[in-house]
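Working notes for the structure below.
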C-alpha cells in the first residue's frame, strides 16, 4: 500500500513539474477545473479543454479576447475573462492546456 501511495505521489508531482500552471489559469479553474477536465457551464457535448490542440486554443482564446469567437456555451463569460489577458498570457495558457491529459 505504501508503495502505491509513493508511486501515486510521484506521478502527481511529475505532472505538476511538467506542466506548471500559469498564474493566468487560476481564474479558469472555477469552470474548467485544475486539470481542465471539468465540463464548463454551457459546453457543447460535454467537451473539456484538457489536451485540445494548441492552435485551436490560441484561435479560441484570441477570439474571446477580440469578442469574435462564437462557439456557443458561455461566450459572454469568456469575453469578460479574456478581455484583459495579454498575448503572452494567452500563449502560456494555450501551451499549458494543450499539455494537460485529455479526459478519458
Exercise for review: Would you mind calculating the relative contact order of segment 22-99 from Cα pairs under 8 angstrom and at least 6 residues apart, reporting the percent as a whole number?
Suggested key: 37 percent
Review point. For the residue pair residue 99 and residue 47, what label-to-label distance in nm results when each label sits 7 Å from Cα along the Cα-to-beta-carbon direction?
Key: 2.4 nm
Check your understanding: Given segment 22-99 reduced to its alpha-carbon atoms as identical point scatterers, what log10 I(q)/I(0) does the Debye formula return at q = 0.16, 0.24 Å⁻¹?
Key -> -0.50, -1.30
Point to revise | Sequence of 90, 49 once ranked by neighbouring C-beta atoms within 10 Å, starting from the fewest | key: 90, 49
Revision key, fill the gap. With the label point 7 Å along the Cα-to-beta-carbon line of residue 21 and a cut-off under 11 Å to each amide N, the hits in segment 60-104 are none
Check your understanding: Between residue 66 and residue 84, what length comes free when the chain is fully extended (0.36 nm per residue of separation minus the Cα-Cα distance, one decimal in nm)?
Key -> 5.5 nm
Check your understanding: In nm, to one decimal, how far is the residue 77 label point from the residue 91 one, both placed 7 Å along Cα→Cβ?
Key -> 2.9 nm
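Read the figures in this text as sums done on the coordinates, not as results from a lab. Just so it is clear, the model here is predicted, and its values are computed rather than measured. Every residue, glycine as well, gets a Cβ built from its backbone with ideal geometry; the counts of neighbours run over all protein chains shown.
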